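What follows draws every value from the coordinates through simple rules; no lab data is involved. Quick caveat: nothing in here was measured; it's all calculated off a predicted structure. Please note: Cβ atoms are built from the backbone with ideal geometry, for glycine as well, and neighbour counts cover all protein chains shown.
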């Protein structure tokens, strides 16, 4: 991931918002899989991503924001050659533990998106940036730079898949966390705290009252579409909660697909 680097000075709160690695502290990450519930998420998501990748002829996959490793494991089990990557040390440690507990040997690296070239990972048929992770990048030009880095890792015609919270709906007052597809665990409640056109704060409250917060930039779908186009991607498609036809004010997540 790539923190924003605007020209104007940032106050301490803004610097903290842009430091994604500090938001994913040890305590929060230790409960991440409890929040997700891998079995329920796998049932809700089905074969959506593997179907898209197979249709695109993809074999070698970079899971560029692997988090605790859910999608890397699912795609590995589906027969893809997966490399997992994340910029958060705590998430990488969690993913490693999840891989080991399942007896899976999935290559795993801890890299900020700025340093992907130095990792010498080679080229891929597809790059996945899931978990609404790109929203940790607050500056538009920085996001375009990240997208260009992803494109440089793709073979010609390779596929980029990005998902994001449905910030259009959230900013319109239609926040939804249905628990059907993404955060499927039953021990935590997800709500929205501070919200405006430059910031969205998600509040995760667990059953015993422990609370964690993630503060991200609310990228609107059309804005991200434009930034993907400016980064050299084409053939852009969009899905809502794994459906091509969806209600733009009711979907929890938006998934973007593009070709290099």
Average Cα contact separation per residue, segment 71-129, under 8 Å, 6 or more apart, as relative contact order %: 33
Sorted by Cβ neighbour density within 10 Å, fewest at the top, the residues 105, 22: 105, 22
Rounded Å value of the spacing that divides the Cα centres of segment 38-91 and segment 154-216: 19
Contour minus Cα-Cα distance for residue 211 and residue 26 (0.36 nm per residue): 65.3 nm
Contact order relative to length of segment 148-202, as percent, for alpha carbon pairs under 8 angstrom and 6 or more apart: 20
The chain - share of DSSP beta bridges that are antiparallel (%, nearest 5): 65
Projected label distance in nm at residue 38 and residue 229, using a 7 Å step from Cα toward the beta-carbon: 4.0
Normalised contact order of the chain, rounded percent, pairs of Cα under 8 Å and 6 or more residues apart: 21
Kirkwood hydrodynamic radius (C-alpha pairs) into Stokes-Einstein, segment 32-135, 4 °C and 1.567 mPa s, D in µm²/s: 93
Pairwise centroid distance, computed over Cα atoms, of segment 95-131 with segment 222-260, Å: 23
Computed label-point distance, nm, for sites residue 187 and residue 81 using a 7 Å Cα→Cβ extension: 3.9
Kirkwood estimate for the chain, i.e. one over the average of 1/r between Cα atoms, Å: 18.4
The chain, helix-only ellipticity at 222 nm - DSSP H runs n ≥ 4, -39,500 (n - 2.57), divided by all residues, nearest 500: -9000 deg cm²/dmol
Global form of segment 98-245, assessed from the alpha-carbon gyration tensor, a/c cut-off 1.5: oblate
The chain: most fluctuating residue of 164, 141, 120 per GNM, C-alpha cutoff 10 Å: 120
Footprinting exposure proxy for 246, 182 (fewest neighbouring C-beta atoms within 10 Å first): 246, 182
